[in-house]
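Asks: Take a look at this one; I'll ask things after.
The values are calculated or read from the model by the stated rules, or taken from the named source; none is laboratory data. Everything quoted here is computed from the prediction, not taken from an experiment. Ideal geometry is used to build each Cβ from the backbone, glycine not excepted, and the neighbour counts take in all protein chains shown.
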Amino acid sequence: RFVFSFYSAVDLLTIAPYFLALAFPGSAADQYDEALRMLRLLRLLKMDKYIPSVTLIDDVFRNNSVPLLVTGFAASVFWVIFATMLWMAEQGDAVATGDNGITQAQRFRDVPSALQYTLILLSGDYPLCDFVFWGQATCFLMCLFAVSVVSIPSSIIASGFTAEALKERERRGIKASSGEEKAPPPPYLG
């Protein structure tokens, strides 16, 4: 039963690079041995068997997966829309900015190349700030939408933690304290 479980696949992926490097010296597995050994970080996925708070995080994300997927899809749509808007605004800007002499027209030469810069701008980091007027207007709109793209999933996750804490209280039969009696905290909040 363990052989075909998720945890056995994690174990196999974490030790496979070592044995592949031993079996095939000089192969790609041997050349990239250091990078492939980073797969050992996958062992962190097994922590939920031993630490209840990891299971709590997993439960929150699993119970709120649909709203989180919807907000992720909306964020992706906004990302593409804003990349297209910046491409349209900056394609004619031939003034070189920054130390490297690259123009905004070169950075935003097409929508796929604009995606990487737009993602950085959506994250709130503004290494590029010499935009034409319509680029500045687009960046202003991006700031407004970026706040919602971050705050909506954050509130979904926070309400999920609250719901899980209340379920744990009900499961233990602990009433909400009115001030005079203190209920012990759940183990993952402890």
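Asks: Looking at Leu36, Leu69, can you tell me which residue is among the hydrophobic types (A, V, I, L, M, F, W, C) and touching a helix residue (DSSP H, G or I) at 6+ places or on another chain (Cβ under 9 Å)? Lay out the reasoning, then the answer.
Replies: On the way: Leu69 fails: touching a helix residue (DSSP H, G or I) at 6+ places or on another chain (Cβ under 9 Å).
That would be Leu36, the only listed residue that is among the hydrophobic types (A, V, I, L, M, F, W, C) and touching a helix residue (DSSP H, G or I) at 6+ places or on another chain (Cβ under 9 Å).
Asks: Right, another one. Among the residues of the range 14-35, are any within 30 Å of Ile156 (Cα to Cα) and among the aromatic types (Phe, Trp, Tyr)? So that I can check it myself, show each step before the final result.
Replies: Taking the range 14-35 as the starting set, the residues that turn out to be within 30 Å of Ile156 (Cα to Cα) are none.
No, there is no match, as no residue in the range 14-35 is within 30 Å of Ile156 (Cα to Cα) and among the aromatic types (Phe, Trp, Tyr).
Asks: Could you name every one of the helices (runs of 4 or more DSSP H) located completely within the range 4-118 that has at least 1 residues being surrounded by fewer than 13 Cβ atoms within 10 Å (Cβ to Cβ) and aliphatic (A, V, I, L, M)? Full working, then the answer.
Replies: Working: elements: 6-23, 28-31, 33-36, 52-63, 65-90, 104-107.
Answer list for the range 4-118: 6-23, 28-31, 33-36, 65-90.
Asks: So is Gly98 modelled with pLDDT under 85 and not hydroxyl-bearing (Ser, Thr, Tyr) or not? Before you say what the answer is, go through the steps one by one.
Replies: Details: modelled with pLDDT under 85: yes; not hydroxyl-bearing (Ser, Thr, Tyr): yes.
When the stated conditions are applied, Gly98 passes them.
Asks: Residues Thr103, Thr118, Thr71: which one is of a type in the set (Val, Ile, Thr), over 30 Å from Thr14 (Cβ atoms) and touching a residue at least 60 places away in the same chain (Cβ under 8 Å)? Reasoning before the result, please.
Replies: Numbers: Thr103 fails: touching a residue at least 60 places away in the same chain (Cβ under 8 Å); Thr118 fails: touching a residue at least 60 places away in the same chain (Cβ under 8 Å).
Criteria check complete, one pass: Thr71.
Asks: Next question, about the same structure. Can you pull out the residues in the range 121-172 that are of a type in the set (D, E, K, R) and under 19 Å from the mean Cα position of the chain (by Cα)? Spell out the reasoning first.
Replies: Keep residues of the range 121-172 that are of a type in the set (D, E, K, R), which gives 125, 130, 164, 167-172.
The one that is of a type in the set (D, E, K, R) and under 19 Å from the mean Cα position of the chain (by Cα): Asp125.
Asks: Quick one: is Thr55 more than 30 Å from Ile15 (Cα to Cα) and either modelled with pLDDT under 75 or of a type in the set (Val, Ile, Thr) (or both)?
Replies: Against the criterion (more than 30 Å from Ile15 (Cα to Cα) and either modelled with pLDDT under 75 or of a type in the set (Val, Ile, Thr) (or both)), Thr55 does not qualify.
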